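This report concerns only the one structure given below.
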Amino acid sequence: MTVFQQQCLWEVATPAPIDAGVMVGEVKVDVCVIGGGITGLSAALQLLEAGKRVCVLEAFEVGHGGSGRNVGLVNAGTWIKPDDVEATLGEKVGSRLNKVLGDAPAKVFEAIARYQIDCQARHQGTLHMAHNAAGLEDLKARESQWRRRGADVELLTGATCVEHCGTDKITGALLDRRAGTINPMGYTKGLAGAVLRLGGVLHQQSPVSELHRQADGWLVRTALGTVTAEKIVISTGAYTEGDWTEVQRNFFRGYYYQVASKPLSGTAADSVLPHGQGSWDTRTVLSSIRRDDQGRLLLGSMGKSNNKPDWFVRSWADRIQGHYFPQLGKVDWEMHWTGCIDFTPDHLMKLFEPAPGVVAVTGYNGRGNTTGTVVGHALADYLLKSDTSVLPIPLSRMKALRTAALRACYYEAGFSLYHAGQCLRVIL
């Protein structure tokens, strides 16, 4: 049996390092981007193409955070239904956000083509799979709401659904042809490579320790250097750390783990998601399912795997695989990893301008590949034009979540109990 490792598949699949060392000395630029994930790098590219001098500071390595550790689904829209978005934000703002994020997958694939990024990109859609009758009703509502907005979505049922999903345990699946899949680490590193090619400055292993206003703009301090900039983009997401920003008090952390098999081949393996879509089911504590370009089966769910014994993680993966894809027989699991998500109570992101010339974002709620791409562009456009109409939603005032730590603990405990029930075959 293969040794079961705690390691991110996307790091293994994207071994090429980014040639960007630690920040040392002094740099003066037009914009300093704090956070080298999809949002920050997309903003940097937009600014560089507008002729601005840009420095990106990454606390760890490019792709270390959610940008490189996620499932790799290129999804349209938000976590909640489009009608709910408009009910929460109002028709005008909600309609704009639905439009921007509905078109967001196309922006990701445009960036991949434009910058020639090698990231296993497949523009074949995604499948949201109904695990029971209530789930099917939810998908019917989503199909109706998105179709009213002109989206290319289709609810698959019967034999067509079984053939697309590779399982008869699904009562229906919403095929969203706008969407697709990527290797998220490959995408993020590809954006970083484009930043360097366009003349941007990028430093890794350079966490920010201080950010304060000075006469000619802002001073950003790291352990070994400083960046002076007229404007700042804060795009650190769920991995925000330190007392230099209030952003981290505006969300609560959640976690998502994934388990990857050894490469699978043969007729049985070919029957699983045969058209290349990534998928996830309608369970409250969902399971995500996809394949990579080597034929691995990737399963994921809410919560942590890095605080659980290997037998527990294997048992969970066996349970989900055995339920949905018994035709595979015994699967040999190769690795598992955990990523962090910045959640908000209403499941919608927030944009901030905490001080003149400083913009920030948080609350992608697990939709970072697409949302990060378009929000990065939008934040850059706002800094260039000082026009709020380029933003997908209005700027919000920062408001700390008083129960953030409690919410995070509550969610993690609930996820762990649910997964324990799955492992013990009490629930599914």
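Taking label positions 7 Å along the Cα-Cβ direction at both L417 and D103, the computed distance is 4.5 nm, reported to one decimal. Using the Cβ-Cβ distance between K169 and E91 with R0 = 35 Å, the FRET efficiency computed as 1/(1 + (r/R0)^6) comes to roughly 0.40. As a fraction of the 1.4 Å probe accessible area of region 3-422, surface on carbon and sulfur atoms comes out at 51 percent. Roughly how many Å² of L174 are accessible to a 1.4 Å probe, to the nearest 10? Spelled out: L174, probe radius 1.4 Å, area about 20 Å². Distance between the modelled labels on Q5 and T160, one decimal in nanometres: 4.2 nm (7 Å Cα→Cβ projection). Quick check: from the Cα gyration tensor, does region 181-339 come out rounded (a/c under 1.5), prolate or oblate? Taking the square roots of the gyration eigenvalues as a ≥ b ≥ c, region 181-339 is prolate. Taking the Cα centre of region 324-381 as the origin and placing charges on Cβ (Lys, Arg +1; Asp, Glu -1), which of L379, M335, N369 is farthest toward the positive end of the dipole? The residue sitting farthest along the positive end of the dipole is M335. With all protein chains kept in place, the per residue accessible area of the chain amounts to 41 square angstrom at a probe of 1.4 angstrom.
As a ratio to 2.2 N^0.38 Å, the alpha-carbon radius of gyration for the chain is 0.96. Rounded to the nearest 20 debye, the dipole size of region 123-276 about its Cα centre is 200 debye, using +1 on the Cβ of Lys and Arg and -1 on the Cβ of Asp and Glu. Only Lys, Arg, Asp and Glu carry charge here, each on its Cβ (+1 for the first two, -1 for the last two); on that basis region 3-422 has a dipole of about 420 debye about its Cα centre.
Were the residues from S209 through R177 laid out at 0.36 nm apart, the gain over their Cα-Cα distance would be 7.2 nm.
Would you work out the relative contact order for the chain, in percent, from Cα pairs under 8 angstrom that are 6 or more residues apart?
In percent, rounded to a whole number, it is 25.
Counting only heavy atoms of the protein chains and using a 1.4 Å probe, S95 has close to 50 Å² of accessible surface.
Taking a ≥ b ≥ c as the square roots of the eigenvalues of the Cα gyration tensor, region 108-189 is prolate, since a/c reaches 1.5 or more and a/b is larger than b/c. Per residue, the convex hull spanned by the alpha carbons of region 10-81 comes to 130 Å³. Note on L196 and D270: the extension gain reaches 22.7 nm, defined as 0.36 nm multiplied by sequence separation minus the Cα-Cα distance. Between the listed residues L89, T160, I117, the Cα displaced farthest toward the positive end of the dipole of region 49-169, a dipole computed from Cβ unit charges relative to the Cα centre, is found at L89. Fully extending the segment from D19 to E110, taken as 0.36 nm per residue of separation minus the present Cα-Cα distance, adds 30.3 nm.
The values are calculated or read from the model by the stated rules, or taken from the named source; none is laboratory data. Keep in mind the model is a prediction, meaning the values are calculated, not measured. Backbone-built Cβ (ideal geometry, glycine too); neighbour counts: all protein chains shown. Just so you know, the surface numbers come from the protein's heavy atoms only, side chains and all, with ligands and any DNA or RNA stripped out. Shrake-Rupley method; radii C 1.70, N 1.55, O 1.52, S 1.80 Å.
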